[in-house]
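Some notes on the structure that comes next.
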Amino acid sequence: MATQPKTGLTYRDLEAFPDDNLRRELIDGELVVTPAPATRHQGVVVALVFALETYRRQRGGRVYPAPTDVYFSDVNVVEPDVLYVKAENVERVEARFVRSAPDLVVEVSSPSTRRLELVRKRELYERYAVPEYWYVDLDADRVEVYRLRDGRYGTPALLGSGEVIESPNLPGLSVPVGELLAASAAP
């Protein structure tokens, strides 16, 4: 991950950058730039979008893969790998971004973004009250599930290949971890 030394930036500055296949995000006004992810990463994103789109067709809401901005504030704008907004919260979906906390955000690990996703973005999601955050750790072959309780993420549930992600926040959603990890298998 390459973090540019530019700080004090806003969403307007972010919009002015060229469309050059780099992911640009703002965390507390600091520009964070990452390259396009590898195919292994994208295989998991496709599987997640498929699972959430199937759920959306039954329950409503919206599903978006990156690059879709989540606008928390003028200086906090990120692009989770996958996000879901429940039907009762679709007013958060605007033409250019999702304003405020999605009901679920998912980040899929990449070697260059591990610290960003497990520390800075997790803290940001907690601060802006994202009810549920999944971190798909391709190095450890597991999914870490963080759920907001009393305004904080506690110790994550660690789910491996033989387990299924089920969400009290999204009743009826069931995602087999083994299928996600299989989707990430190298060609």
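Values quoted throughout were computed directly from the atomic coordinates according to the rules given, and no laboratory measurement underlies them. Bear in mind that the values here come from a model prediction, so they are computed numbers and not experimental data. Here Cβ is always computed from backbone atoms with ideal geometry, including for glycine, and neighbour counts include all displayed protein chains.
So, of the residues in the stretch 119-137 that are of a type in the set (A, V, I, L, M, F, W, C) and buried (at least 19 other Cβ atoms within 10 Å of the Cβ), which turns out to be farthest from Ser174 (Cα to Cα)? Only one residue fits best here, namely Leu124. For the stretch 145-181, a residue qualifies if it is touching a residue at least 24 places away in the same chain (Cβ under 8 Å) and either in a helix (DSSP H, G or I) or of a type in the set (D, E, K, R) (or both), and the qualifying residues are Arg152, Val177, Glu179, Leu180, Leu181.
Checking each residue in the stretch 63-77 for being in contact with a strand residue (DSSP E or B) (Cβ under 6 Å, 6 or more places away or on another chain), hydrophobic (A, V, I, L, M, F, W, C) and within 18 Å of Leu52 (Cβ to Cβ) picks out Val63, Val70.
Only strands (runs of 3 or more DSSP E) whose full extent lies in the stretch 60-105 are considered here, and the ones with at least 2 residues that are in contact (Cβ under 8 Å) with a residue 40 or more places away in the chain and either of a type in the set (A, V, I, L, M, F, W, C) or out of contact with any Asp or Glu (no Cβ under 7 Å at 6 or more places or on another chain) (or both) are 70-73, 76-78. In the set Leu104, Leu116, only one residue is farther than 21 Å from Pro168 by Cβ and in contact with a strand residue (DSSP E or B) (Cβ under 8 Å, 6 or more places away or on another chain); that residue is Leu116.
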